[in-house]
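*Asks:* Please find one structure pasted underneath; my questions will follow.
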Amino acid sequence: MMELTKILLTTDDGIHSPGLRAAAEILLDLGEVTVVAPMNQQTSMGRSYHAHPDAVLVPVPFKIDGTNVLAYCCECSPAVAIRHGMDVLFREKNPDLVVAGINYGENLSIGIGTSGTVGAALEGAVRGVPALGISKQTDVYSHRNYTEQDWSISKFFLKLFAERLLSARMPFDVDALKVDVPDNATEQTPWRITRLARQTYYSRILPNPGVKTRVRDMQTGIEPSAVQAEPGTDVHAIVVERVVSVTPVSLDITSRMNPDELDRVLRD
């Protein structure tokens, strides 16, 4: 008898995120889903290993259309949720797929190092597990608030790429896929293979900064220059082309430079 596909699911938006629930709903079509997610909102935690030292996996009721899904929350970052979940729940055999999402807010450009969604996917990739982080374009306010969203199209693309990861071996150096879905997408919206834009996407503004300025006074927006992003990048795909962006992500962040040229520069 064929063994059931096992999927480990998390989010950086917390265990009660509607995006997490939407992801679980569609992934149940592909196999057995186990949810391990942060107890609270953990947006912008990147691949941090932050956790309360006494944190444990706390069972959470999680029922979808009459199906009980094994679900836990933990007082930790998304990356720790994946790491600890695999250490505790998948001791004998890794899951077949790790998914992070569906995230509130697009994760684009060179700023993805702060993304808890991408960080969690990479944590799965470290263990050699196919991994996918998926985000839905939203307004900035929704990044930390559970606003009402139509998740249907993001679910469609999540299932599409989850199936591909489960059925095909990715090329070398593709350790995870970062998928971003524009807010106006339909099932007919094309998708593009993209690279990270080498520009800032989210702007950070501190009104009247001074030594007594609070960190929480920072205001987040979208850089106006995003509309001029270079073709082929994730920002151009979402902002200009309005297509689904699929960015291959590597665990190896070594610069792809000419080593002889760098050696010459450092020695001159």
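Computed from the coordinates by the stated procedures, all read-outs in this text should not be read as laboratory data. Remember, it's a predicted structure, so these values are computed and weren't measured experimentally. Glycine also receives a Cβ, built like all others from the backbone with ideal geometry; neighbour counts cover every protein chain displayed.
*Asks:* So what's the gap between the Cα centers of the stretch 143-218 and the stretch 1-42, to the nearest angstrom?
*Replies:* Taking the Cα centre of each part, the stretch 143-218 and the stretch 1-42 sit 17 Å apart.
*Asks:* Of Asp139, Asp175, how do they rank once you tally other Cβ atoms within 10 Å and put the fewest first?
*Replies:* Going from sparsest to densest Cβ surroundings: Asp139, Asp175.
*Asks:* Can you classify the stretch 1-150 as rounded, prolate or oblate using the Cα gyration tensor, where a ≥ b ≥ c are the square roots of its eigenvalues, rounded means a/c under 1.5, and otherwise it's prolate if a/b beats b/c and oblate if not?
*Replies:* rounded
*Asks:* With n ≥ 4 as the cut-off for DSSP H runs, can you work out [θ] at 222 nm for the chain, using -39500 (n - 2.57) per run divided by the number of residues, rounded to the nearest 500?
*Replies:* Roughly -6500 deg cm²/dmol at 222 nm, from the helical runs in the chain.
*Asks:* Let me ask something additional. Simple spin-label model, 7 Å along Cα-to-Cβ: Arg164 to Ser255 in nm?
*Replies:* 3.1 nm
*Asks:* Which cross-chain or sequence-distant (5 or more) residues have an amide H under 5 Å from the amide H of Met45, H modelled 1.01 Å from N in plane?
*Replies:* Gly116
*Asks:* Test of understanding: extend the Cα→C-beta vector of Asp87 to 7 Å, then name every residue of the stretch 110-144 with backbone N under 18 Å from that spot.
*Replies:* Once the point is set 7 Å along Cα→Cβ of Asp87, 120-129 turn out to lie under 18 Å by backbone N, inside the stretch 110-144.
*Asks:* Order of Met218, Met45 from fewest to most other C-beta atoms within 10 Å?
*Replies:* Ascending Cβ contact count within 10 Å gives the list Met218, Met45.
*Asks:* Please give the FRET efficiency for Thr67 paired with Asp263, using the beta carbon to beta carbon distance and R0 = 41 Å, rounded to the nearest 0.05.
*Replies:* That pair, Thr67 with Asp263, gives E of 0.10.
*Asks:* Starting from the Kirkwood Rh over alpha-carbon pairs, what translational D in µm² s⁻¹ does the chain have by Stokes-Einstein at 25 °C and 0.890 mPa s?
*Replies:* Approximately 128 µm²/s, per Stokes-Einstein.
*Asks:* Also, I was wondering about something else. Quick one: order Met39, Met170, Met86 by neighbouring beta-carbon count within 10 Å, fewest to most.
*Replies:* Met170, Met39, Met86
*Asks:* Here is a follow-up. Starting from the 7 Å offset along Cα-to-Cβ, what nm value, one decimal, do you get for the label separation of Asn40 and Ile110?
*Replies:* A separation of 3.3 nm, rounded to one decimal place.
*Asks:* Could you give the Stokes-Einstein D for the stretch 132-204 in µm² per second, using the C-alpha Kirkwood radius, 10 °C, 1.306 mPa s?
*Replies:* Here the translational diffusion coefficient equals 112 µm²/s.
*Asks:* Counting DSSP beta bridges with both partners in the stretch 1-100, what percentage is antiparallel, nearest 5?
*Replies:* Expressed as a percentage, antiparallel bridges in the stretch 1-100 total about 30.
*Asks:* Within 10 Å, count the other beta carbons around each residue, average over each peptide in 120-132, 150-162, 224-236, and list them highest first.
*Replies:* Result, highest mean first: 120-132, 150-162, 224-236.
*Asks:* Kindly give the semi-axes, whole Å and largest first, of the ellipsoid equivalent to the stretch 150-268, taking each as the square root of 5 times a Cα gyration tensor eigenvalue.
*Replies:* With the √(5λ) rule applied to the stretch 150-268, the semi-axes are 29, 27, 14 Å.
*Asks:* Further question on the same structure: What is the stretch 195-247 by shape, rounded, prolate or oblate, if you read a ≥ b ≥ c off the alpha carbon gyration tensor as root eigenvalues and call it rounded for a/c under 1.5, prolate for a/b larger than b/c, and oblate otherwise?
*Replies:* Prolate, because a/c is 1.5 or more and a/b exceeds b/c.
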